[in-house]
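Trainee: Let me begin by handing over the structure; questions about it come next.
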Amino acid sequence: MKHIIPELLSPAGNPESLKAAVENGADAVYFGSKEFSARGHADNFDRDQLPEAIDFAHHRGVLAYITVNTLVKEQEIEDAVEYLEKLCNHGADAVIVQDPGILKILNEHLPGLPVHASTQMNIHNSAGTKLLGSMGVKRAVLARELDIEEINTIRSATDIQLEVFVHGAMCICYSGRCLMSSFIGGRSGNRGYCAQPCRKEYSFEKNTMSSKYLLSPRDLNLSSRLTDLINARVDSIKIEGRMKRPEYVAVVTRIYRDILDRLSIDPTAGATPDEMRRLEVIFNRGFTKGYLNRDPGRKLMSMDTPGNRGILLGHVTGGNTGRRTITVKLDTSINVGDGIMAGGKGTSIRVLWMGRHKVRSAQAGEIVTFPYGYAIATGTSVFKTFDSILVASARNSYRLVQRKVPITVQVEATKGHTLLVRMSDHQGNTGESRSESVISHAKQQPLDELALRKQVSKLGGTYFQAETINIRMDDDIFIPLSLINLARRGAMEELSRLRIAGYRRICGSVGLQTPHPPGIKDRRPVLSVRVAGPEAVNAAILGGAARVYIDIEGITGNEPATNTVIEEAHRAGATVFIRLPDIIKDKEITLVTGTLDQLHGLDGILAAGSDQIYWLKEMYDLPLAVDYPANAFNIQGLDFLTGLGTCSITVSPELTLDEITSISAGYDIECLVQGSVQLMVSEHCLIGSIKGCDSKIEVKGEVDGSMTTEQVTRPCQPGCSIRDKKGFVFPVKHDNQCRTHIYNSKELGLIDSIPGIIKAGVRSLRIEGMCYDAKQVGEITMLYSLAIDTYLKNPAQYDGSIYLSGLKKMFPGNLTTGHYFRGVQ
């Protein structure tokens, strides 16, 4: 019995990797140009190379998805649209996008170009997929943080295609929500230039001697869980690796292709021991099944090394310090040319001895000696990190054309007529060619059918393979071989042209117009403050805040006191919004709504993303604001979020003031001016994975019509800090779902830049007070309120340095202006 097998989608970071993926069985490939691609450090393709790369895939019956999955600045929109038009016209099978503004443009102006929502869009619930479906998106690449039950829930709620990563590197942060690389070094992961700070060493602040790779996950490997994904009706399984070598792409693609082919017949089939060994040796940081069985805790992490572990080669049994050699008893085979790692140092095997004899290879159980430039203690584990035989085999797999398109060849050769060669593929394309001269009677040796069949089947190094050859010919005829060859080549060229022409579209020119913003009443800029719980609300209002965002997790279980705080805020003339969690999975929505339903007099809700806006507007008749994780980066993105029903939009903290100025007109824009900016949100519980913790806050049900909850004391509360090798300290908090939130080591402080911020069109200046106690909230809010009032009363006399000095006393040597003046790559 055959089963419905998902598409196998492989990465192509360069032309060689494209060949490696195609020749080893990928159903589809994804790749990008040097611009607008979330792997900006990959070789990628020049824009002139992209059409050729798309055609290469299409010739061989492979789909080509193009990554346009970065956030796009306003000044780049025109170039991005022109690029998308070319991709649409040339026949790209889909574009993979992150930017909500780009999604809006595609939906409205290029509906003929299929759209896949990148994992950078952070799709982790059914609301997200429903929103995408309403925007005409064909496929969602789901967040890696979903377990199999959550995938099944989303599958049952949507008709759009679902794509799941099954192999390769994992981010510790929810994709699209990471600001760590940009705030540390100006290289934005949202723009394709992540510097991978998660692969660096960190220590817990109170234990600086114990430094580990605390944020470095292992590599994902779901080769043993493909049946679960097939049963979940996942449409595509994806291999990560646009930064990897072509040989890596070849090996991993071939193994997953073979497993899927076996599963199409036998649903119990899985990876063989040899396949698992090849997956390990080609590259691994240790393997994990990720979150498919929920959070695996410490088993998710590769804390001892952030790089390739390879496989265990054996253990050192001795050595010769003078000759700088080591002797190893092998657990697996070794060959000259292999790469090894021992004691944190690596080398390549150039000479290999067994006893006194030089050898080219040795097998498990044997003892070998080879040069090694470092002193290694007896008993040390040695790892093979490069298998020269495997790599050579992988290289050969794509350097010769192996993937063939089966065709039917029909030949008509009759006297007095021209020679006809017709070639047809299984998609209904037919190319034919006729000889220029007619076929004559044979004067000497006539052409027989076997010779004609042999000549028309010579498809050489092309990607065509003659599956069937039908010949109708007269006896006693003569046809020069050159005519047969010309007709054969002509038919092939025509068939190739028709195969590619079938992908072309006429998309035309977008002629993009700047959206008409909704327009807002001219009003005085206000000061807003986000606080961790109701206990800090009064401090913020007394300090001069016009709007307070209370984090919902600080309210849960304390709703009556919160209602009292809301009443007090209203008497003081302030408004109160509830800020929802960064991540709300399907099973967590009831907990959130249970808390919201117990609150009275709310002035609005601050959502973390567009998925939350989508379901909130169906349930609550309240003003809805959206926070900076929604990644508002350009006017089209602002228009997209406004169209969903938002009343206020906090723009991305990766924008400069000039960039904010270029998009703010007519929109109710908020930006962060003070506080510890959240750099990461991770499903992984950093503290709990080390100390042991699997408790989360749970909904217990309703009592007398009220939702009750159980509070759990966990080792990860109240939080901690981690320190990098340069001494910078990053605060860490854990929420009620045990998710980890990491904040910037430096405080954002723009109090002396208030004039420029207000002139940029910002209507609300926000203090991020999640890491402040009530006293700090009050002091900082009062300082900013005084600075804003002073500027608005007499702009010409405003001296921001006075207020900056006050801020520096609170945070000596620990202030940053973020990206407002330096921007991001």
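The values are calculated or read from the model by the stated rules, or taken from the named source; none is laboratory data. Note that this is a predicted model, so its numbers are computed, not measured. We place every Cβ from the backbone using ideal geometry, glycine too, and count neighbours over all the protein chains shown. All accessible areas refer to the heavy atoms of the entire protein, side chains included, with ligands and DNA or RNA removed. Shrake-Rupley method; radii C 1.70, N 1.55, O 1.52, S 1.80 Å.
Trainee: Taking the criterion of being within 30 Å of Tyr398 (Cα to Cα) and surrounded by 12 or more Cβ atoms within 10 Å (Cβ to Cβ), would at least one residue in the range 437-452 satisfy it?
Mentor: No: the range 437-452 contains no residue that is within 30 Å of Tyr398 (Cα to Cα) and surrounded by 12 or more Cβ atoms within 10 Å (Cβ to Cβ).
Trainee: Search the range 39-50 for residues that are of a type in the set (Gly, Ala, Ser) and pair each with any residue that is open to solvent by 70 Å² or more (accessible area, probe 1.4 Å) when their beta-carbon atoms are under 6 Å apart and the residues are at least 6 apart or on different chains.
Mentor: Short answer, once both residue conditions are applied: Ala42/Met243.
Trainee: Determine the pairs where a residue that is within 14 Å of Tyr503 (Cβ to Cβ), located within the range 71-96, has a partner that is aromatic (Phe, Trp, Tyr) and open to solvent by 50 Å² or more (accessible area, probe 1.4 Å) with Cβ atoms under 7 Å apart, the partner being 6 or more residues away or on another chain.
Mentor: Listed pairs, sorted by first residue: Gly91/Tyr503.
Trainee: List every residue pair whose Cβ atoms lie under 7 Å apart, where the two residues are 6 or more positions apart in sequence or sit on different chains, the first residue falls within the range 536-549 and is within 19 Å of Pro623 (Cβ to Cβ), and the second residue, located anywhere, is in a loop (DSSP other than H, G, I, E, B).
Mentor: Ile541/Ala572; Ile541/Ala574; Ala545/Ala574; Ala546/Ala574; Arg547/Ala574; Val548/Ala574
Trainee: Output the number of the condition that Gly460 fails; it satisfies all remaining conditions of (1) at pLDDT below 95; (2) more than 47 Å from the chain's Cα centre (by Cα); (3) of a type outside the set (A, V, I, L, M).
Mentor: (2)
Trainee: Please work out which residue is farthest from Arg285 (Cα to Cα), limiting yourself to the range 349-393 and to residues that are without any contact (Cβ under 8 Å) to a residue 24 or more places away in the chain and in a loop (DSSP other than H, G, I, E, B).
Mentor: Among them, the one singled out is Arg356.
Trainee: Here's another thing I want to ask about it. Give the residues of the range 285-308 that are open to solvent by 70 Å² or more (accessible area, probe 1.4 Å) and within 23 Å of Lys244 (Cα to Cα), sorted by residue number.
Mentor: Scanning the range 285-308 gives Lys289, Asp304.
Trainee: Turning to a different aspect of this structure: Only one of Gly609, Gly604 is in contact (Cβ under 8 Å) with a residue 40 or more places away in the chain, crowded, with 17+ Cβ neighbours inside 10 Å and farther than 21 Å from Gly128 by Cβ; which?
Mentor: After ruling out the rest, the residue left standing is Gly604.
Trainee: Okay, next question. Given the condition open to solvent by less than 20 Å² (accessible area, probe 1.4 Å), without any contact (Cβ under 8 Å) to a residue 60 or more places away in the chain and not β-branched (Val, Ile, Thr), answer yes or no: does some residue in the range 328-338 qualify?
Mentor: yes
Trainee: Please go through the range 512-531 and pick out each residue that is under 30 Å from the mean Cα position of the chain (by Cα), within 20 Å of Asp639 (Cβ to Cβ) and open to solvent by less than 50 Å² (accessible area, probe 1.4 Å).
Mentor: Passing the criteria: only Pro515.
Trainee: Residues that are at pLDDT 95 or above: list the strands (runs of 3 or more DSSP E) wholly contained in the range 602-706 that include at least 2 such residues.
Mentor: In the range 602-706, 604-607, 624-626, 646-650, 669-675, 678-682 are the strands (runs of 3 or more DSSP E) which contain 2 or more residues that are at pLDDT 95 or above.
Trainee: Select from the range 649-663 the residues that are open to solvent by less than 10 Å² (accessible area, probe 1.4 Å) and among the hydroxyl-bearing types (Ser, Thr, Tyr) and list them in ascending order.
Mentor: Thr650, Ser652
Trainee: Name, by its number, the condition in (1) open to solvent by 30 Å² or more (accessible area, probe 1.4 Å); (2) closer than 17 Å to Met170 by Cβ; (3) out of contact with any Ser or Thr (no Cβ under 9 Å at 6 or more places or on another chain) that does not hold for Tyr213.
Mentor: Condition not satisfied by Tyr213: (3).
Trainee: Return the pairs, sorted by first residue and then second, in which the second residue is open to solvent by 20 Å² or more (accessible area, probe 1.4 Å) and assigned to a loop (DSSP other than H, G, I, E, B), the first residue lies in the range 98-115 and is polar (S, T, N, Q), the beta carbons are less than 8 Å apart, and the residues are 6+ apart or on different chains.
Mentor: Every condition considered, the pairs that remain are Asn107/Met135; Asn107/Gly136.
Trainee: Follow-up question, since we're still on this one. Here are the criteria: (1) out of contact with any helix residue (DSSP H, G or I) (no Cβ under 8 Å at 6 or more places or on another chain); (2) more than 23 Å from Gln678 (Cβ to Cβ). Tell me which single one Thr158 does not satisfy.
Mentor: Only one criterion in (1) out of contact with any helix residue (DSSP H, G or I) (no Cβ under 8 Å at 6 or more places or on another chain); (2) more than 23 Å from Gln678 (Cβ to Cβ) is unmet by Thr158, namely (1).
Trainee: Just for the range 539-590: of the residues that are of a type in the set (A, V, I, L, M) and at pLDDT below 95, which one is most open to solvent (accessible area, probe 1.4 Å)?
Mentor: Here the answer is Ala561.
Trainee: For the range 407-415, indicate whether the set of residues that are more than 37 Å from the chain's Cα centre (by Cα) and either on the phi > 0 side of the Ramachandran plot or outside any strand (DSSP E or B) (or both) is non-empty.
Mentor: yes
Trainee: Among the strands (runs of 3 or more DSSP E) contained in the range 177-269, which hold 3 or more residues that are within 30 Å of Ile690 (Cβ to Cβ)?
Mentor: The strands (runs of 3 or more DSSP E) meeting that bar are 202-204, 219-221.
Residue by residue, here is whether (1) at positive phi; (2) open to solvent by less than 10 Å² (accessible area, probe 1.4 Å); (3) assigned to a loop (DSSP other than H, G, I, E, B) holds:
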position: Gly13; (1), (2), (3): no, yes, yes
position: Ala20; (1), (2), (3): no, yes, no
position: Gly40; (1), (2), (3): no, no, yes
position: Pro51; (1), (2), (3): no, no, no
position: Ile54; (1), (2), (3): no, yes, no
position: Gly61; (1), (2), (3): yes, no, yes
position: Leu71; (1), (2), (3): no, yes, yes
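Trainee: Oh, and also: Specify which of the listed residues (Gly806, Gly769) is under 40 Å from the mean Cα position of the chain (by Cα) and farther than 18 Å from Leu657 by Cβ.
Mentor: Among Gly806, Gly769, only Gly769 is under 40 Å from the mean Cα position of the chain (by Cα) and farther than 18 Å from Leu657 by Cβ.
Trainee: Right, another one. Just checking, how many residues over the range 270-284 are open to solvent by 20 Å² or more (accessible area, probe 1.4 Å), in contact (Cβ under 8 Å) with a residue 12 or more places away in the chain and not in a helix (DSSP H, G or I)?
Mentor: Qualifying residue count, the range 270-284: 3.
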